[in-house]
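In what follows, a single structure is set out as structure tokens and then discussed.
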Amino acid sequence: MAGNQPHHDGSALYLGSSTPELGERVTLRLRVPQDWGTASRVWVRSVQDAEPRYDEATVVGESAGWVWWEATMLHVNPVALYRFVIETAASEDDGPSYSFLNNAGLHNRDTSDYNDFRVTTAKAAPAWSHDAVMYQVFPDRFARSAAADGRATPEWGVACDWDTPVQGSGPDVARQFYGGDLDGVTEKLDELAALGADIVYLTPFFPARSNHRYDASTFMEVDPLLGGDAALIRLVEAAHARGMKVMGDLTSNHTGDAHEWFQRAAADPNSVEAGFYYFNEDRTEYESWWGVPSLPKLNWASEALREAFVTGEDSVVAHWLKPPFNLDGWRIDVGNMTGRLGAQNINKEVAALIQDRILEINPNALLLGEETSDAGADVDGFGWQGAMTYSNFTRPLWQWLGNPAARVDFFGTPLAGPPKVTADVVLETYKDLSSAFSWPVRKATMNALNTHDTARAASVMIEGGPLVAAALSMLVPGIAVVFAGDEFGMEGWNGEDSRTPMPWESPSRVVTDLRSAYAALTELRHTSPAVADGGMRWLMADGDVLAFVRESPEESLLVLATRAPALFPVAELGLSAVDAQALTLAPAFATAEFGATEEKLQLDGPGLLCGDWPESRLLPERLRI
């Protein structure tokens, strides 16, 4: 049972300060269940200047079957690593035994420092991101304003009506042009507000020669096809008036081959811009993203590039954060590849440079980096404050809720679709690929069911699975993500096929209307202290059942998710009679029928139940805030 183990995380219940100063002593707490074993001694093992140090903990209270321990450690380095060493009573034959608790779980052996808990001096993501619901917009496919009718199809485009089927493969995937624009987004902000979205994340809005616009021809203006600079200003002002934030999407790894910088670089080897890219000796070839010639790669060893892109008074990064545009942050495309080529690796240096400049302009801005695989090594908070990644949440969720018959692009792997796994594999994957995150980074990392670069959950998962997955994205630590169309059950077998125009005027194209469920979930997310800033403790991961609790000093929520109907004793969750009684009350949120007594719980599946858990279970009186 996952919940019947010692527990610690980086939330306020367990950590005195998530961003302490160097030289400060940090208070750490550990809770040990009495029915797990009797801990005779506990130490915090920290790593100071690469040398392990041990600080002994003391018992500070007991509550509802838990013993709480507390210790302090000296915060010496910008990234402080620590774990707990737990001694249990000696046996007659073998002497005392020792367990090691790190961010990946409980172990009966020594472990790598990589998975240790982390507390850092990095600037944490802004408070407005803690309970945020991010809504991702692919501008060409979201909505058309009346002004869009007066714009001609660009020379690179293939004109499409709003109901023209999207092509998931073939020569026209990047050329299909539907003509959505930014004023169209502005006109739909009330719908997004009703859904509970509070961050509008726009994929690139720069002029380009594709519908995705990741091949920008300049970074200094909004594509006239989207309404130009004035349309972005109107959108941001309207969003801010509703209490929403707006984030842009910036490619720090490459430009388009029609970009003004690349055009000058290709034409003149003596130009400043020639150093922005990687040309071979006779300039007949250049480096590009995955060998795609239209996406030449930027060389961040160039000081002139750094000035033009980041540090200059009107650099690309700065231009859009300042008036009159006032963006609230950036998502950095292929952040994992930026500053990396062969033996060259200045990725963290570039990420830190961008963060410093962004926070200099707007200390309340948010910086996220795309990291398609294990993001732990790159995303430490000193550069990207959080990650857009699929490894720790999206991929294992697809595998748990996946339809074995689904044939979709499984994140570029050679597999025909997501291989089915049990709940314990989901938990182990989630812990393993989140373990290198500090708690502030984990809270700022995007929890996406799918995005514009992936298949849709509705095409991947069993019936009812996408709503369970959406609820989990709202209830685990991190930024919940809705890709435009998720609320309508839209489908797609790969990223291109998923970029379907929104069915605003075509109700027949709505697959499953989930708007009311999304609104209820976002309301819960926005009003729950436990979800916004609480810790997370797993209770069960067994076959078809995942269960965890989100807990803060003010509130505690129990979350149960199933992929098939389940009936099990509440004792398997480690619940007391008081907790079991709470489950018989009206839930905070439920996607399926359920029944609860003091002894047993039944939940249809796929389904999710979220209910209050009595606060009295959390803390001894000594520790109450």
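The values are calculated or read from the model by the stated rules, or taken from the named source; none is laboratory data. All of these numbers come straight from a predicted model, not from anything done at the bench. Here Cβ is always computed from backbone atoms with ideal geometry, including for glycine, and neighbour counts include all displayed protein chains.
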Scan the range 63-79 and tell me whether some residue there is closer than 30 Å to Glu523 by Cβ, modelled with pLDDT under 95 and surrounded by fewer than 17 Cβ atoms within 10 Å (Cβ to Cβ). yes
I'd like the residue in the range 529-538 that is in contact with a Leu (Cβ under 7 Å, 6 or more places away or on another chain) and surrounded by 22 or more Cβ atoms within 10 Å (Cβ to Cβ) and, out of all such residues, is nearest to Asn4 (Cα to Cα). Gly535
Any residue at all in the range 447-460 that is touching a Lys or Arg at 6+ places or on another chain (Cβ under 9 Å) and closer than 30 Å to Ser552 by Cβ? yes
Given Val42, Val47, Val26, which one is part of a strand (DSSP E or B) and closer than 30 Å to Ala571 by Cβ? Val42
Among helices (runs of 4 or more DSSP H) entirely within the range 336-450, at least 3 residues that are crowded, with 22+ Cβ neighbours inside 10 Å and under 15 Å from the mean Cα position of the chain (by Cα) occur in 394-401, 439-443
What number of residues within the range 585-601 satisfy the criterion of being free of Cβ contacts under 8 Å to residues at least 60 places away in the same chain and surrounded by 14 or more Cβ atoms within 10 Å (Cβ to Cβ)? 7
Which condition does Pro296 not pass, out of (1) under 30 Å from Gly412 (Cα atoms); (2) more than 30 Å from the chain's Cα centre (by Cα), if it passes all the others? (2)
Residues Val185, Val200: which one is in a strand (DSSP E or B) and farther than 25 Å from Pro296 by Cα? Val200
Are any residues in the range 199-213 under 23 Å from Val482 (Cα atoms) and more than 21 Å from the chain's Cα centre (by Cα), and if so, which ones? Phe205, Phe206, Asn211, His212, Arg213
When only residues in the range 77-98 that are among the hydroxyl-bearing types (Ser, Thr, Tyr) and closer than 17 Å to Asp55 by Cβ count, which is nearest to the chain's Cα centre (by Cα)? Tyr82
Residue count, the range 105-143 (criterion: part of a loop (DSSP other than H, G, I, E, B) and among the β-branched types (Val, Ile, Thr)): 2
Qualifying strands (runs of 3 or more DSSP E) (wholly inside the range 554-625; at least 3 residues being under 30 Å from Gly402 (Cα atoms) and at pLDDT below 75): none
Any chance you could count how many residues in the range 458-487 are free of Cβ contacts under 8 Å to residues at least 60 places away in the same chain, farther than 23 Å from Met540 by Cβ and in a helix (DSSP H, G or I)? 3
Tell me which of these Met490 doesn't satisfy, since it passes every other one: (1) part of a helix (DSSP H, G or I); (2) without any contact (Cβ under 8 Å) to a residue 60 or more places away in the chain; (3) within 24 Å of Thr372 (Cα to Cα). (1)
Here's a check for you: in the range 234-291, which residue that is assigned by TED's automatic domain parsing to the domain that holds Glu371 and in a helix (DSSP H, G or I) is surrounded by the most Cβ atoms within 10 Å (Cβ to Cβ)? Leu235
State which residue is surrounded by the fewest Cβ atoms within 10 Å (Cβ to Cβ) when the search covers only the range 189-224 and only residues that are acidic (Asp, Glu) and under 20 Å from Leu514 (Cα atoms). Asp190
Kindly indicate whether any position in the range 528-536 is modelled with pLDDT of 85 or more and within 21 Å of Thr422 (Cα to Cα). yes
Does the range 275-288 include one or more residues that are under 29 Å from the mean Cα position of the chain (by Cα) and of a type in the set (Val, Ile, Thr)? no
Of the candidates Arg209, Arg175, the one satisfying the condition of being over 24 Å from Met474 (Cβ atoms), basic (Lys, Arg) and without any contact (Cβ under 8 Å) to a residue 60 or more places away in the chain is Arg175
So Asn108, is it of a type in the set (S, T, N, Q) and farther than 24 Å from Gly381 by Cβ: yes
Scanning for something touching a strand residue (DSSP E or B) at 6+ places or on another chain (Cβ under 7 Å) and at positive phi, does the range 306-326 turn up at least one residue? no
